[in-house]
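Okay, structure first, notes after.
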Amino acid sequence: MNGKVECLEKAKCDPVQVSLSSTYTNVVATKEQIVKGDGKFKFTSVLPATYKIQVSKDGRCWEKEVQQLDVSSNIDNIVFKQLGYYINVNSGHSTTLVLSGPDGEKIQEVSVEKGENVICVKTNKIVSLSTQGCEEFNISPNKINLLDSNLPTVTLKPVRYQVSGSIKTKKNIPDIGLVAKVSLFITLLLNSRF
């Protein structure tokens, strides 16, 4: 059984662990290999059966992290392709997170729900984080070097909300006014969540 691991940056690929285990509950044998430099791996003396082969969980996201194989003869060309790196995002409100590269180029937009989110950032660059929507967030940290971080956590704390509206009248009324009140209860409730 042969295959390879394709990382975004070959120099930062090792070590990656690939493990092979039987899917039968009464068989607990597992074979493991540390993949280095060239990214190639090989398992020998594999008996015919159904196996689960997976790549290590080390902060990287993969096109397929786990694959199931029915082995009845030699299998070649098993590929684990890295897509990017995971980040944890803890948000106080649902929003759209925008990830940009060092040159300001937009890499990815992700919908973030209130609470804990795990996101695969599809690059190996330094990324700047911003949000898009009606709320303004305090983002900490607002820049991440994905190669130097091991599953970094980003916190999005809403600090300001935008409210807009309009008044339409059939006649021109020059002295029309609008009074907006903010409830103290709502403000305290929002602040107490963080």
*Can you give the helix-only mean residue ellipticity at 222 nm for the chain, where every DSSP H stretch with n ≥ 4 adds -39500 (n - 2.57) and the sum goes over all residues, rounded to the nearest 500 deg cm²/dmol?*
-1500 deg cm²/dmol
*Those lysines that a straight Cα-Cα span of less than 29 Å connects to Lys168, excepting residues fewer than 8 apart in one chain*: Lys181
*asked:* At 1.567 mPa s and 4 °C, plugging the Kirkwood radius over alpha-carbon pairs of the chain into Stokes-Einstein gives what diffusion coefficient in µm²/s?
replied: 63 µm²/s
*Go through Lys52/Lys143; Lys106/Lys157; Lys42/Lys64; Lys4/Lys114; Lys42/Lys143 and tell me which ones have a Cα-Cα distance over 30 Å in this structure.*
Lys52/Lys143; Lys4/Lys114; Lys42/Lys143
_Pairwise label distance in nanometres, Thr153 with Thr169, each label 7 Å out on the Cα-Cβ vector_ = 5.3 nm
_Keeping every protein chain present and rolling a 1.4 Å probe, give me the accessible area per residue for the chain in Å²._
66 Å²
_Test of understanding: in a Gaussian network model of the chain with alpha carbons linked when under 10 Å, which of Gly101, Gly165, Gly92 would top the mean-square fluctuation ranking?_
Gly165
*Taking all protein chains as present, what is the carbon and sulfur share of the accessible area of region 1-96, in % to the nearest whole number, probe 1.4 Å?*
46 percent
*Out of Thr95, Thr23, Thr44, any idea which swings most in a Gaussian network model of the chain, alpha carbons joined below 10 Å?*
Thr44
*At a 1.4 Å probe radius, which order do Val28, Val66 fall into by accessible area, largest first?*
Val28, Val66
*Which net charge results for the neighbourhood of Glu63, defined as the other residues with beta-carbon distances under 12 angstrom from its beta-carbon, given Lys and Arg at +1 and Asp and Glu at -1?*
+2
*For region 1-44, state which GluC sites (Glu not before Pro) are in a DSSP loop and have at most 16 other beta carbons lying within 10 Å of their beta carbon.*
Glu9
*In what sequence, largest accessible area first, do Ser140, Ser100, Ser45 appear using a 1.4 Å probe?*
Ser45, Ser140, Ser100
*Can you give the accessible area of Leu8 in Å² (nearest 10), computed on protein heavy atoms with a 1.4 Å probe?*
70 Å²
*Which residue, Thr96, Thr50, Thr25, tops the fluctuation ranking in a GNM of the chain built on C-alpha contacts under 10 Å?*
Thr25
*Which FRET efficiency value, to the nearest 0.05, do you get for Ile75 and Glu136 by plugging their Cβ-Cβ distance into 1/(1 + (r/R0)^6) with R0 = 45 Å?*
0.30
*Dipole magnitude of region 1-136, debye to nearest 20 (Cβ charges: Lys/Arg +1, Asp/Glu -1, about Cα centre)*: 540 debye
*Hey, rough spin-label estimate for Val118 and Asp103, points 7 angstrom out along Cα→Cβ, what's it come to in nanometres?*
3.3 nm
_Residue order for Ile167, Ile87 - accessible surface, 1.4 angstrom probe, largest first_ = Ile167, Ile87
*Just need the relative contact order of the chain here, percent rounded to a whole number, with Cα pairs under 8 Å and 6+ apart.*
16 percent
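The values are calculated or read from the model by the stated rules, or taken from the named source; none is laboratory data. Source: prediction; values computed, not measured. Neighbour counts run over all protein chains shown; Cβ positions are idealised from the backbone, glycine included. These accessible areas exclude ligands, DNA and RNA; they are computed on the full protein's heavy atoms, side chains included. Shrake-Rupley method; radii C 1.70, N 1.55, O 1.52, S 1.80 Å.
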